[in-house]
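The values are calculated or read from the model by the stated rules, or taken from the named source; none is laboratory data. All figures in this text were calculated on a predicted structure; none of them were measured in a lab. Cβ placement follows ideal geometry from the backbone for every residue including glycine, while neighbour counts extend to all protein chains displayed.
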There are 2 protein chains.
Amino acid sequence: MAGPIQIADKRVERSKAQVLAETYRQLVQSGISGVSIDEVSRVSGISKTTIYRHWPSRSALLIDACSRLGSAPDVPDTGSLRGDVRALLARLSDQLQTANWSSVYPSIIDAAERDPEINAMQAALHKAFMAPFDAVIERAKAKGEIPSDHVTTDLIATLVGPFFFRRWFSKEETDERFINAIIESAVR
Amino acid sequence: MAGPIQIADKRVERSKAQVLAETYRQLVQSGISGVSIDEVSRVSGISKTTIYRHWPSRSALLIDACSRLGSAPDVPDTGSLRGDVRALLARLSDQLQTANWSSVYPSIIDAAERDPEINAMQAALHKAFMAPFDAVIERAKAKGEIPSDHVTTDLIATLVGPFFFRRWFSKEETDERFINAIIESAVR
């Protein structure tokens with residue numbers, strides 16, 4: 001039987017979910033700088049006092065909303081580093097063109113330049129998204145497929161950097177030809 | 001002798017310079033999303049009506065301010081593609097750590113996701129900053145130093161992408177060892 005405490009808890013959970021949903025909607029539409037707590041309060045019908053009771057700062061709420069942007073891909077196991085890297089880059093290339101996080105991420109990178117809380121969140125997001133690359137490279141080293149003194153973070157930068165460069169800076173396509181060219185240049 | 005028209009012209013130029021200087025100050029401090037026309041008007045003492053007479057939109061003013069962020073490097077001529085690329089990457093690495101544009105650029109990338117005017121400006125900025133890379137690669141092709149069917153934009157992405165990746169995403173150092181590793185992997 002639900003007592004008064006459980007009912008209050010449920011109401012709190014529902015309020016928090018409404019705030020998060022509206023924050024996420026604004027985040028995807030306008031990036032971090034476009035999220036307005038006034039507007040979140042107005043649309044969700046939850047008072048700013050209540051919002052700040054659950055999230056001590058605007059950054060804390062943004063961090064919670066950003067955690068919904070996507071999850072890291074699984075670690076592929078195709079039997080070779082090239083195959084694994086191809087699978088990861090094909091997925092990355094697809095996500096960069098279609099996923100919500102791809103248009104929101106520049107706003108996170110921007111905010112991280114000036115906000116230490118957002119910077120810490122971005123570092124955690126980055127680590128999670130790069131973990132599968134790290135895993136397949138470390139496995140290839142353990143199997144002797146590449147030299148064990150190859151610097152893993154160098155290899156990740158040469159594999160992923162060109163894709164980020166094309167999506168957000170040069171705004172060129174990352175098709176299969178490009179994926180192959182990058183693997184050819186980076187994995188030897 | 002200065003007539004009334006020249007005096008008015010000078011006053012207009014001075015007003016515009018004050019507006020641009022304050023916009024640039026806010027841009028460097030807070031990124032594009034942190035620039036407030038209200039605040040520019042308050043600090044510069046120039047009315048918003050006057051500001052909008054000179055710049056038809058907020059984006060137009062931002063674009064003018066961004067043009068002060070830096071100029072493209074000269075085209076080096078060391079006698080080899082590796083030497084030229086090393087000179088350009090050493091300068092890029094240094095600028096990414098010290099130049100104003102390095103902390104402002106993510107806000108431009110972010111705004112470009114949603115603002116077509118800023119997007120066009122970013123494309124022009126990008127083209128100007130990459131022009132020296134394009135020049136040394138095309139020269140190396142003309143001299144037969146690398147195959148003429150090598151895709152120039154692929155090579156630029158493999159050279160510059162890892163540096164952007166480290167500055168804004170993984171936030172790792174780009175020291176001389178890293179510069180050498182990238183050249184080793186990209187230029188063959």
#### Entry: Of all residues making up region B:152-169, the number that are among the hydrophobic types (A, V, I, L, M, F, W, C), more than 7 Å from chain A (Cβ to nearest Cβ) and without any contact (Cβ under 8 Å) to a residue 60 or more places away in the chain
2
### Task
Give the residue, chosen from A:A112, A:A99, A:A135, that is under 22 Å from the mean Cα position of the chain (by Cα) and more than 29 Å from B:S102 (Cα to Cα).
A:A135
#### Entry: Conditions (1) free of Cβ contacts under 8 Å to residues at least 24 places away in the same chain; (2) more than 12 Å from chain A (Cβ to nearest Cβ); (3) surrounded by 22 or more Cβ atoms within 10 Å (Cβ to Cβ); number of the one not met by B:V85
(1)
### Summary
Screening B:L96, B:L92 for residues that are more than 9 Å from chain A (Cβ to nearest Cβ), touching a Phe, Trp or Tyr at 6+ places or on another chain (Cβ under 7 Å) and within 23 Å of A:V104 (Cα to Cα) leaves only B:L96
### Task
Determine which single condition A:E117 fails, assuming it passes every other condition in (1) modelled with pLDDT under 95; (2) within 9 Å of chain B (Cβ to nearest Cβ).
(2)
### Summary
Residues in region B:129-151 that are more than 10 Å from chain A (Cβ to nearest Cβ), out of contact with any helix residue (DSSP H, G or I) (no Cβ under 6 Å at 6 or more places or on another chain) and not in a helix (DSSP H, G or I) total 4
### Checklist (1) over 13 Å from the mean Cα position of the chain (by Cα); (2) facing chain A (nearest Cβ under 7 Å) applied to B:H126, failing item
(1)
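Can you pull out every residue in region A:1-24 that is among the charged types (D, E, K, R) and either in contact (Cβ under 8 Å) with a residue 12 or more places away in the chain or in the same structural domain as A:W101 (by TED's automatic domain parsing) (or both)?
Those that are among the charged types (D, E, K, R) and either in contact (Cβ under 8 Å) with a residue 12 or more places away in the chain or in the same structural domain as A:W101 (by TED's automatic domain parsing) (or both): A:K16, A:E22.
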### Task
State yes or no: is B:E172 at the interface with another protein chain (Cβ under 7 Å from one of its Cβ atoms) and outside any helix (DSSP H, G or I)?
yes
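Here's the yes/no breakdown for (1) over 17 Å from B:D84 (Cα atoms); (2) in the same structural domain as B:L88 (by TED's automatic domain parsing); (3) surrounded by fewer than 15 Cβ atoms within 10 Å (Cβ to Cβ):
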{"position": "B:E113", "(1), (2), (3)": "yes, yes, no"}
{"position": "B:P116", "(1), (2), (3)": "yes, yes, yes"}
{"position": "B:Q122", "(1), (2), (3)": "yes, yes, no"}
{"position": "B:L125", "(1), (2), (3)": "yes, yes, no"}
{"position": "B:F129", "(1), (2), (3)": "no, yes, no"}
{"position": "B:I137", "(1), (2), (3)": "no, yes, no"}
{"position": "B:K143", "(1), (2), (3)": "no, yes, yes"}
{"position": "B:I146", "(1), (2), (3)": "no, yes, no"}
{"position": "B:A157", "(1), (2), (3)": "no, yes, no"}
### Query
Looking at (1) out of contact with any Leu (no Cβ under 7 Å at 6 or more places or on another chain); (2) free of Cβ contacts under 8 Å to residues at least 60 places away in the same chain, can you tell me which one B:W55 breaks?
(1)
